[in-house]
Every structure is written in structure tokens, then in C-alpha cells.
Amino acid sequence: MSVNAGPAERFEAAGGDVDDARELYREAYQIGGITVEPTATDFGYRFTSIGDADLALRASQVEGRITGASFTQDEYVVTWLTRGEGVMDLLGSPMKLHPGVPSMFANDRPAQFDLIDYRLNMMHFGGAYLEGVAADTEGSVGPIRFDTTFRPSGDALRRWTETVATVARVIYDDGSSAVLRAEANRAAAVTLLEVFPHLALQPRTDLAVPPSSKARAAVEFMVANAHRPLGTDEVAAAAGISLRSLQAAFRREYEVTATDYLRSIRLDRVRQELRDAEPGLATVAEVARRWGFTHLGRFAASYTSRFGEYPSVTLASSRGATHPRSLG
């Protein structure tokens, strides 16, 4: 059933040569005036990246000091230290980095930094992708401006950390289907938008809604292609309407976003598979992940709300079951 486009794209570079490190970081981050130099320890660096054009997880580790001014464009980057010390955005609003606390890179302008003996994790969101998720969930249009001085704490930080852990498990697993990776990317994007204060530079405007036939065409396309990693832009194109018109139609006619409607279709597919499954040969977790549900707790809550029973009950009373079973 599920489409597996193969493992996510991977890149890794490591070594102990200062000149090689300087060239690597200059090219990867369009860094101007970069300096790379040893500190008291032996110099070494390691840079890794895994993901796709929508979301890439990157990690940078340097035994030494690196300074420069990066220029982030056509993407949105959130970063957090796991070791060492550093300061970001010296040309804007200087902020000291604290281990485990994420912050947003400045966008569309140079942002100077100074990092010493560090390990830094980063999530790179494609600009068009994140703006599309924001349009779908918030009704905004165009580029997004994040508050680079904001640092999440408490429940917001815990939610961010949990989402990152869940998403990383999916992306690093070469066995993850394309649908599951797409859902993981979206989960990361939605959490980013919910945790970090931001402003859409082009606010939502009132839009004419398309005829019901267009919305029905979109639904038919999603039903036929729910097993694939679908973006709302592809759904809109298949229905012959603009992305904004698609969003307006679904809010008006179904009172949900197109993405939420697609998720409900996939819940139906999970239920059908569980009803047809052979207990002992299939598990709820396997079926849920096959249909793109990365967080099993939230999946179970959505499933129970929609169908009035736990997914394990559906599996226990499936056609392949020899007798009903109770919840354990």
C-alpha cells in the first residue's frame, strides 16, 4: 500500500583540516568573512544532514572556534546547542545560545555568530513548504517573520522537544515510508508555527470560494491518492483551483482544513486495515505508521474520537480474530 521513496538524502563531512572546514561552512551557509581556528583542543569538525527539500535535520560539531555572518534565504532555520557556547545575530539582536533551548535564525538578512567548541542541531524548513503549511493552518499568505529573540520554555519547550524526537526517529529510519516522512515534516512545521511567535508579512484576505464541484474533485483526488505523500498544492492543482481557494472551500464546506480532511481519510483506511487484519500478525502501531501517523498517542485519541473505540479494540474484533479480546 504505502509508497517508499527510499531513504532520506544524507550528507556527512568530517576531518581535522581548518581550511576544509572553512570551505565547507562557507558553502553550506553562504557565510561571509568566516574565520575558523583551533582552540586549546585539537581541531576537528563534523557536519551531517538528512532529509529532503521540505525539511532537513542538520548537526554541526566543531572542536575550535568559528565566526562569520550567515545569510538565510528561501528557508527557515531553527537551531539549538547541545554542547559548548555561542552567540547569534550580533548584527541584529544579540542572543546567547543556551544548551537545549531553540531559537530562530534571522531570515533574509545577514546574521553574525560566534561559536566555540560546540555541537549545534538545526532544522531547515524549505521556505515555500513552511509558508504553505502556515497558509493551510493559519490562512496567512507569503513570507513569515519570526521573533528571533524568543526562547520557548515550560510546556512549549517540552512540546517542541518531544516533536523533534518523534520526527527525528522517522527521518533517520530508512524504512519509513514517503507518507510517514511527509507527515513527520508537517508535524515539525506545525509545532514550529505554534511554538514560535511570528507574523505573516502578507495577511490573509477575503477570497471567493469555488463551486462545490471543485471541492468534491479535491476530495476524490485525496481519496484516490491518500496512500501517497500529498501536499495541499498538489490537491489544489488536481482540482483545478488555487491553493487559497482550496483552503477557503474546505473551511466553508467541511469546516476543516484540506490537510485535516486528508487525515480523516487516512484514519478510515487505518480502521479498514485493522478490521481486516489478523491479530498477532499485525499491530496498531505498524498500521498507523504505514498511513503516516507519527505520534501514536495523538493518533489513538483521534481514532477514538472518530470511531468511538480504541484502535486495539478494532484489531481485537477484526475479521481475522478467532474470538473477541478485551483491552489490556
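The values are calculated or read from the model by the stated rules, or taken from the named source; none is laboratory data. Nothing here was measured: the structure is a model prediction, and the numbers come from that model. All Cβ positions, glycine included, derive from the backbone under ideal geometry; neighbour counts span all protein chains shown. Please note that ligands, DNA and RNA were not included when accessible areas were found on the heavy atoms of the full protein model with its side chains. Shrake-Rupley method; radii C 1.70, N 1.55, O 1.52, S 1.80 Å.
A few comments on the model shown:
- Candidate set: segment 149-160, residues that are farther than 23 Å from Ala106 by Cβ and out of contact with any Asp or Glu (no Cβ under 9 Å at 6 or more places or on another chain); chosen: the one surrounded by the fewest Cβ atoms within 10 Å (Cβ to Cβ): Gly154
Every residue, every condition in (1) in a loop (DSSP other than H, G, I, E, B); (2) open to solvent by 20 Å² or more (accessible area, probe 1.4 Å); (3) polar (S, T, N, Q), yes or no:
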| position | (1), (2), (3) |
| --- | --- |
| Trp80 | no, yes, no |
| Gln112 | no, yes, yes |
| Leu115 | no, no, no |
| Ser176 | yes, no, yes |
| Ala189 | no, no, no |
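- Among the residues of this structure, Arg145 counts as one that is over 26 Å from Gly64 (Cβ atoms), open to solvent by 40 Å² or more (accessible area, probe 1.4 Å) and either modelled with pLDDT of 90 or more or basic (Lys, Arg) (or both).
- Sole residue being touching a residue at least 12 places away in the same chain (Cβ under 8 Å) and out of contact with any Pro (no Cβ under 8 Å at 6 or more places or on another chain), chosen from Gly44, Gly64: Gly44
- Count of segment 203-242 residues which are part of a loop (DSSP other than H, G, I, E, B), at pLDDT 85 or above and β-branched (Val, Ile, Thr): 1
- Residue within segment 124-142 that is surrounded by 15 or more Cβ atoms within 10 Å (Cβ to Cβ), of a type outside the set (Phe, Trp, Tyr) and under 22 Å from Gln61 (Cα atoms) present: yes
- Segment 16-66, residues that are in a strand (DSSP E or B) and open to solvent by 30 Å² or more (accessible area, probe 1.4 Å): Gly32, Gly33, Thr35, Glu37, Arg46, Arg58, Gln61, Glu63, Arg65
- Flag if Thr304 is open to solvent by 30 Å² or more (accessible area, probe 1.4 Å), of a type in the set (Val, Ile, Thr) and either at pLDDT 85 or above or part of a helix (DSSP H, G or I) (or both): yes
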